[in-house]
1. Taking the stated definitions as given, is S83 modelled with pLDDT of 95 or more and farther than 30 Å from N439 by Cβ?
2. With respect to the numbered conditions (1) part of a helix (DSSP H, G or I); (2) within 30 Å of R231 (Cα to Cα); (3) among the polar types (S, T, N, Q), which one is the sole condition not fulfilled by S32?
3. Would you say Q340 is out of contact with any Asp or Glu (no Cβ under 7 Å at 6 or more places or on another chain), among the polar types (S, T, N, Q) and without any contact (Cβ under 8 Å) to a residue 40 or more places away in the chain?
4. Any residue that is among the hydroxyl-bearing types (S, T, Y), assigned to a loop (DSSP other than H, G, I, E, B) and out of contact with any Gly (no Cβ under 9 Å at 6 or more places or on another chain) - is there at least one of those in region 3-26?
5. I'd like to check something: does region 151-159 contain any residue that is within 20 Å of L202 (Cα to Cα), assigned to a helix (DSSP H, G or I) and either modelled with pLDDT of 85 or more or in contact with a Lys or Arg (Cβ under 6 Å, 6 or more places away or on another chain) (or both)?
6. Condition (residue is in contact with a Gly (Cβ under 9 Å, 6 or more places away or on another chain), surrounded by 19 or more Cβ atoms within 10 Å (Cβ to Cβ), touching a residue at least 12 places away in the same chain (Cβ under 8 Å) and basic (K, R)) applied to region 165-183: is it met by at least one residue?
7. When region 199-208 is examined, which residues are found to be touching a Leu at 6+ places or on another chain (Cβ under 8 Å) and outside any loop (DSSP other than H, G, I, E, B)?
8. Go through G142, G115 for me and flag whichever is free of Cβ contacts under 8 Å to residues at least 24 places away in the same chain and touching a helix residue (DSSP H, G or I) at 6+ places or on another chain (Cβ under 9 Å).
Amino acid sequence: MSIDSWLIISVIVFILAVLGASIYSFWMKKASVTDPIIIFLFFFTLFVVPLPLRTCFTKVDVGDVTEHLTSILPYMPFAVLLSAAGLPLFVWSYYSRFAKGLSMKAPIPKTGNHGRRAFLFIAGVSLVLFMALARSYGGIVGFLLLGYHNYEVTSGKGYLWIGLVWLPIATEFLLYNYAVKKKKTDLLLFVFMSVLLVGMFLVLGGRAPIVYFGLTVWFFWHHAIKPVPFRKLVFAAFFVFLGLNLVGTLRESNYESLGQAWQKASGAAQSKLDDSESLFYTLTVGEFAVPFETLPQMIKSVGTDLHPQFGLSYLEAPLLLIPADIFPDRPLGLQNWYMQRFYGDYYIGNENRSFFFLSEGYLNFGPVGVLLTMVIWGLLLGAAHNYIRRARKEPGAALLYALTLAFVFRGVAGHFGSWISAFSSQAIGIAVIGLWVANGRIFGVFKLRAPASTHADRSKAASAYS
């Protein structure tokens, strides 16, 4: 039987495994579309299927599709089947009593009445860091005019660049305050800030921050304010998907002005709308078709060109928290290491290729590592599922849950080091500080004056959740 036939069979087996897990979750466990297991299955499929399915029809390496496609092709069917084999283990651990017990270890925050103060505090710190980063490029506007290739100047400056990714979390505290006090002013301020942030990330060509921000808002709104009807969700998701595909094909750099950025983007978008390939860029040659290449590459290389790591990459992961300026000899993140190891001269600065989360398991322990990774992910997401059910719409818990669940799409296309460095420092860490401020404290030490009066219903809710 030919490799193409095996590849088609492996894709069919994988899709059947995903359908089986989905049916079990919906019918037997009464899952909803916002449950972590459904979100995971969606993104897992989105990152596994595009490259193998594309390879069934063409072996041409266009766009971001790997130039090693021919050499890794014989190992791709096994990579897909190995991914499918991990799904039953994922479902078992997700619904296990171990996941439920793990959720009991996470504390539920008290409801805070200082959401605006949290917004001002995080936004202030973020702007100071962002302005320090942008100072050498004519300020914030000058930095934005660098466009998509801003990553070339931020290599090694993650401790300043982090201010840029904290701004959306600061903005989410306006929504937190709206969930607590139901004041329309907070909602209007949130919408205004959201428009500014989305516009900024569009100029910078940053799809990932937009997706992460959008997913976090959706999950928070659904669990802390009001459930979102599925029909409206599908309608909005369709147009957002098409829009982000266009962003992927319109990435530019070195604009002369923000007006020029708008003119170039709108003019190019009009022509791209007539190009069917541009509408599905991320699925065919872009973001969703890239990370999976690393798994068949690891299957091909580990044991021949590479020695198994036996857990070393997990032990080195915390070192990625140390800024490169302080620790220039720190290990490369796997995404950078992969680029350097398999693309050689093409490796420049912070350039990388997303390292699929199961690839790290194989790099360390072979096929067993892939299956163990699925078990661990099932435990963690199962714990998140039980946590939000136990929290009963407490806004602080809903925010932490939303930030965690929204990170799944980045985690599937990442490795343990990216979880440690990105999730802890860029999301949960600053959110926890924000919740301290929202509860009347700065860094959990300095207590702020309590408001003279609060809504009776929120006081009642705070006492119920505490």
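The values are calculated or read from the model by the stated rules, or taken from the named source; none is laboratory data. Everything numeric here is computed off the predicted structure, so don't read it as measured data. Backbone-built Cβ (ideal geometry, glycine too); neighbour counts: all protein chains shown.
1. Yes.
2. Of the numbered conditions (1) part of a helix (DSSP H, G or I); (2) within 30 Å of R231 (Cα to Cα); (3) among the polar types (S, T, N, Q), the odd one out for S32 is (1).
3. yes
4. For region 3-26, residues among the hydroxyl-bearing types (S, T, Y), assigned to a loop (DSSP other than H, G, I, E, B) and out of contact with any Gly (no Cβ under 9 Å at 6 or more places or on another chain): absent.
5. For region 151-159, residues within 20 Å of L202 (Cα to Cα), assigned to a helix (DSSP H, G or I) and either modelled with pLDDT of 85 or more or in contact with a Lys or Arg (Cβ under 6 Å, 6 or more places away or on another chain) (or both): absent.
6. So far as region 165-183 goes, no, none of its residues is in contact with a Gly (Cβ under 9 Å, 6 or more places away or on another chain), surrounded by 19 or more Cβ atoms within 10 Å (Cβ to Cβ), touching a residue at least 12 places away in the same chain (Cβ under 8 Å) and basic (K, R).
7. If the condition is that a residue be touching a Leu at 6+ places or on another chain (Cβ under 8 Å) and outside any loop (DSSP other than H, G, I, E, B), then M200, V203, R207 are the ones that fit.
8. Among G142, G115, only G142 is free of Cβ contacts under 8 Å to residues at least 24 places away in the same chain and touching a helix residue (DSSP H, G or I) at 6+ places or on another chain (Cβ under 9 Å).
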